[in-house]
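**Q** Pasting a structure below so you can have a look.
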Protein chains: 2
Amino acid sequence: MKCSVFIATSADGYIATIEGAVDWLHTAGNPEADRGDNADMGFGAFMASVDCMIMGRKCMEMISSMNLPPEQWPYGDIAIVVLSNTLTTPPDNLQGRVAMFSGEITDLLKELESKGLKHAYIDGGATITSFLNLKLIDDMTITRAPLLLGGGIPLFGKLDHQINLINASATAFENDFIQIKYQVHYL
Amino acid sequence: MKCSVFIATSADGYIATIEGAVDWLHTAGNPEADRGDNADMGFGAFMASVDCMIMGRKCMEMISSMNLPPEQWPYGDIAIVVLSNTLTTPPDNLQGRVAMFSGEITDLLKELESKGLKHAYIDGGATITSFLNLKLIDDMTITRAPLLLGGGIPLFGKLDHQINLINASATAFENDFIQIKYQVHYL
C-alpha cells in the first residue's frame with residue numbers, strides 16, 4: 001500500500017493549537033490573493049490519486065466538530081478508517097462515512113490491500129508519526145500557513161530513528177502559503 | 001536595527017539533536033549534487049548584508065566546540081555579541097572574536113545602533129524566540145535539511161502571541177535542501 005501525507009501546518013510546524021483549533025488555517029496569509037489554478041493548493045489532485053484514508057481518533061473528532069454538510073465533505077466517497085483503541089463507533093455525524101479500527105496498522109493495510117485498495121491518505125499527527133516509525137509513509141506534501149502559532153500540536157512526534165527525505169520540491173503560493181513535497185527514503 | 005534570521009533546521013524543525021549535535025546538517029541530502037551558483041545556499045550574500053551578529057550562549061558554545069581554524073571562520077570580522085546572564089568571558093578559542101552581554105536586548109540594540117550598526121544577524125533558537133517575542137525580527141531565512149531528526153532542540157520556542165508572516169518565497173536546491181524566506185508582520 002502506498003501511503004501519502006497531505007497536511008497543513010503553521011510555519012512552526014503545528015497542525016492545531018493546543019486546544020485543537022485550526023481556524024488560523026483559514027485566516028492565515030492573504031485569502032484575497034489570486035491563486036489562479038492553485039485555489040485548492042493541490043488538494044483535489046491529491047484526493048484523485050488516493051483510494052482510501054487512514055486517520056487517528058483526534059483527527060476524526062476535529063472533522064466531526066466541523067459538522068460539515070454533505071456538499072462540503074472534502075473526502076469524496078473513499079473508504080475512511082479511523083484508528084482507535086478506545087472508540088468502537090464513530091460520532092453520529094460521521095456514521096456511514098468512517099469505519100473504526102483497533103489493532104495493528106500492518107494488519108489494517110493487509111486488509112485494505114485484500115480489497116484491492118492501493119494508495120492511502122494518512123492523516124493526523126499521531127497517525128503520521130506511527131506510520132513513519134513503521135517506515136510506511138512513501139511521500140509527504142506539507143503546506144505551511146504563513147504564521148507562527150507559537151505552540152500547539154506538532155505534526156511530527158518523536159521518531160524512533162532519523163529518516164532521510166529525497167526529491168524535495170517547494171512552491172510558494174500567492175497567498176504566502178508554502179508547500180513542500182518529499183519522498184521518504186528509509187535506510 | 002534591522003534584525004534577520006538565517007538558520008538551518010531539520011525538516012521537522014530542529015536546529016540540533018537533543019545532545020546539541022549538528023553533524024546531520026553536513027551529511028543530509030546529496031552533498032554531491034551540482035549546486036551551481038548556490039553552493040553556499042545564500043549564506044555569503046546574507047553575511048554581506050549584515051554588520052553585526054547577536055547569538056545566545058548555547059549557540060556560542062556550539063561554535064566554540066567546532067574549534068574552527070581562522071580560515072574557516074564563517075562570520076568575517078563583524079561584531080558578534082553573545083547574550084549570557086551567567087558567563088562574563090567567552091571560551092578561550094573565541095577570545096577577541098565575540099563580546100559577552102548581560103542585560104536587556106533593547107538596550108543592546110540601542111548600544112549597537114549608537115555605534116552606527118544597522119543590520120543584525122540573530123542566531124540560536126532561544127535568542128530568535130526572545131527576539132520574536134519582543135517583535136524585533138524583521139525577516140527569516142530558514143534552510144531545511146532533507147531529514148526528520150525525530151527529536152532535538154527546536155528552532156522556535158514558545159511564543160507569547162501568534163505572528164503573521166508575509167512575502168513568502170521558497171527554493172528547493174539540487175541537494176534537496178529547501179530554503180524558505182518570510183518577512184515578519186507584527187500586529
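Read-outs throughout are calculated quantities, based only on the coordinates presented, and are distinct from any laboratory measurement. These figures come from a predicted structure and were not determined experimentally. So basically every Cβ, Gly included, is an ideal-geometry build from the backbone, and we count neighbours across all protein chains shown.
**Q** Once amide H atoms are built 1.01 Å from N in the peptide plane, which residues 5 or more positions from A:Cys3, or in another chain, come under 5 Å H to H?
**A** Correct list: A:Ala120, A:Asp138, A:Asp139.
**Q** Continuing with this model, one more query. Using a cut-off of 17 Å between alpha-carbon atoms, which lysines can reach B:Lys115, once sequence neighbours fewer than 8 places away in the same chain are excluded?
**A** List returned: B:Lys2.
**Q** Straight-line reach only, C-alpha to C-alpha below 13 angstrom: list the aspartates and glutamates that A:Lys58 could link to, leaving out same-chain residues fewer than 8 apart.
**A** Candidates past the 8-residue exclusion: A:Glu19, A:Asp123.
**Q** For the pair A:Lys158/A:Gln72, report the inter-label distance in nm, with labels modelled 7 Å from Cα in the Cβ direction.
**A** So the two model labels end up 3.8 nm from each other.
**Q** If you don't mind, there's one more thing I want to ask. Taking θ = phi - 60°, what integer Hz values does the Karplus form 6.51 cos²θ - 1.76 cosθ + 1.60 yield along region A:123-135, in sequence order, with x for Gly and Pro?
**A** 10, x, x, 5, 5, 4, 4, 4, 5, 5, 5, 8, 6
**Q** Here's a follow-up. Step through the residues of region B:40-51 one at a time and calculate ³J(HN,Hα) from phi using the Karplus curve (6.51 cos²θ - 1.76 cosθ + 1.60, θ = phi - 60°), rounding each to whole Hz and writing x for Gly and Pro.
**A** Whole-Hz 3J(HN,Hα) from phi for region B:40-51: 9, 6, x, 5, x, 5, 5, 4, 5, 8, 10, 10.
**Q** How shielded is B:21-31 by partner chains, expressed as the average number of their Cβ atoms within 10 Å of its Cβ atoms?
**A** Mean partner-chain Cβ count within 10 Å for B:21-31: 1.
**Q** Right, here's the next one. Using alpha-carbon positions, what is the distance between the centroids of region A:124-187 and region B:28-51, in Å?
**A** One Cα centre to the other: 24 Å.
**Q** Here's something else I'd like to know. Output the relative contact order of chain A, whole-number percent, from Cα pairs under 8 angstrom with separation of 6+ residues.
**A** Normalised by residue count, the contact order of chain A is 37 percent.
**Q** Another one. log₁₀ I(q)/I(0) of region B:1-58 at q = 0.18, 0.23, 0.28, 0.29 Å⁻¹, via Debye over equal Cα point scatterers, no solvent, to two decimals?
**A** With no solvent term, the Cα-only Debye profile gives -0.87, -1.17, -1.24, -1.25.
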